[in-house]
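Encoded as structure tokens, the structure appears first; notes follow it.
The values are calculated or read from the model by the stated rules, or taken from the named source; none is laboratory data. Small disclaimer: the values here were computed from a predicted structure and weren't measured. Backbone-built Cβ (ideal geometry, glycine too); neighbour counts: all protein chains shown. SASA here: full protein model, heavy atoms, side chains in, ligands and nucleic acids out. Shrake-Rupley method; radii C 1.70, N 1.55, O 1.52, S 1.80 Å.
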Amino acid sequence: MKVYISADMEGISGVVAGEHISSKEQEYQRFRKLMTEEVNAAVEGALAGGATLVVVNDAHGPMTNILIEELHPDAQLITGSPKPLSMMQGIEEGFHCAFLVGYHARVGTANAILDHTWTGIVAEVQLNGRPFGELGLNAGLAGACGVPVTLVTGDQAVTEEARSLLGDVEVVAVKQAVGRHAARCLPPQMAHRLITQAAERAVRARRDPLIIPPPLALTVDFVRSAHADMAELLPGSRRMGARRVQFSGADWVTTYKAWRAMITLALSVEQ
Ligand code: ZN
């Protein structure tokens with residue numbers, strides 16, 4: 001039984017500031033270790049629940065955060081970037097279930113640590129008219145590959161987002177945000193214990209994949225019109241407003257890749 005883990009960093013206990021998650025900062029070294037440990041806690045639970053292989057995909061920033069020398073010996077690591085499916089690279093191979101560990105709420109969420117959707121130049125993302133964040137886009141892609149997301153960890157905001165989109169999945173809120181840059185956090189050992197227990201339940205649970213049938217209307221509002229100028233260069237996209245570009249996809253993989261292409265194009269202009 002194969003289990004997939006997509007690991008982000010903003011939702012790791014203790015992380016509240018940009019300097020904690022940027023590889024240029026000294027503080028980052030502490031938090032990449034804590035990220036590795038939270039991932040290991042999820043691996044431990046997956047194995048206890050019956051997993052025979054756990055594939056971990058490093059999904060934050062340059063995607064070289066997790067310390068492989070400290071990774072659980074029964075896990076394998078997808079590290080580095082860019083990757084065609086980015087935060088969900090490898091999901092199309094087929095897995096029993098997927099965990100989203102260290103995740104954060106979508107851009108525009110109140111009381112959410114470092115809320116954003118992919119990058120700071122995105123003001124809002126909607127899929128078929130409903131606001132979507134990284135959680136939703138990644139769970140939708142996983143669902144299209146037949147893989148249910150059964151565990152989400154991060155702050156209380158992303159766990160609420162998970163429950164509202166995915167229903168009664170396992171969640172662990174390792175911190176309670178009191179703003180965008182402050183939170184009451186669980187100590188690592190307690191966070192690890194709760195994640196391991198929830199991961200074991202999450203592997204045993206029988207859950208259906210999130211199925212959002214095409215056509216998929218992905219609407220992106222950028223912060224500046226210049227970002228939209230570039231995003232609309234993507235063939236198949238349509239300019240819907242000064243800062244808004246829409247892409248209609250016939251399947252999830254194409255739509256996900258279109259989203260990534262729009263972001264990459266938009267990031268090529270001055271911030
Ligand atoms: Zn991240």
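In this structure, does E10 turn out to be assigned to a loop (DSSP other than H, G, I, E, B), among the charged types (D, E, K, R) and open to solvent by 40 Å² or more (accessible area, probe 1.4 Å)?
Numbers: assigned to a loop (DSSP other than H, G, I, E, B): yes; among the charged types (D, E, K, R): yes; open to solvent by 40 Å² or more (accessible area, probe 1.4 Å): no.
Here the answer is no, as E10 does not meet what is asked.
Just checking, which of V56, V43 is under 20 Å from G14 (Cβ atoms) and within 16 Å of the ligand (Cβ to nearest atom)? Talk me through it step by step, then tell me what you get.
Numbers: V43 fails: within 16 Å of the ligand (Cβ to nearest atom).
That would be V56, the only listed residue that is under 20 Å from G14 (Cβ atoms) and within 16 Å of the ligand (Cβ to nearest atom).
Scanning segment 28-40 for residues that are under 17 Å from C185 (Cα atoms) and open to solvent by 40 Å² or more (accessible area, probe 1.4 Å), which turns out nearest to the ligand (Cβ to nearest atom)?
Filtering segment 28-40 for residues that are under 17 Å from C185 (Cα atoms) and open to solvent by 40 Å² or more (accessible area, probe 1.4 Å), the one nearest to the ligand (Cβ to nearest atom) comes out as R32.
Based on what the data block shows, is A48 of a type in the set (A, V, I, L, M), more than 12 Å from the ligand (Cβ to nearest atom), over 24 Å from R206 (Cα atoms) and surrounded by fewer than 21 Cβ atoms within 10 Å (Cβ to Cβ)? Let's see the steps before the verdict.
Numbers: of a type in the set (A, V, I, L, M): yes; more than 12 Å from the ligand (Cβ to nearest atom): yes; over 24 Å from R206 (Cα atoms): no; surrounded by fewer than 21 Cβ atoms within 10 Å (Cβ to Cβ): yes.
Spelling it out, it is not the case that A48 is of a type in the set (A, V, I, L, M), more than 12 Å from the ligand (Cβ to nearest atom), over 24 Å from R206 (Cα atoms) and surrounded by fewer than 21 Cβ atoms within 10 Å (Cβ to Cβ).
Cβ-Cβ under 9 Å, sequence separation 6+ or interchain: first residue in segment 1-15 and under 15 Å from V203 (Cβ atoms), partner charged (D, E, K, R) and more than 9 Å from the ligand (Cβ to nearest atom). Which pairs?
Short answer, once both residue conditions are applied: K2/E93; Y4/E93.
How about segment 155-169: which of its residues are β-branched (V, I, T) and more than 18 Å from A205 (Cα to Cα)? Even if it seems obvious, please write down each step before you answer.
Of the residues in segment 155-169, the ones β-branched (V, I, T) are 158-159, 169.
Of everything in segment 155-169, just one residue is β-branched (V, I, T) and more than 18 Å from A205 (Cα to Cα), namely V158.
Every residue, every condition in (1) closer than 30 Å to A48 by Cα; (2) under 23 Å from the mean Cα position of the chain (by Cα); (3) not basic (K, R), yes or no:
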{"residue": "V203", "(1), (2), (3)": "yes, yes, yes"}
{"residue": "L218", "(1), (2), (3)": "no, yes, yes"}
{"residue": "D221", "(1), (2), (3)": "no, yes, yes"}
{"residue": "R238", "(1), (2), (3)": "no, no, no"}
{"residue": "G241", "(1), (2), (3)": "no, no, yes"}
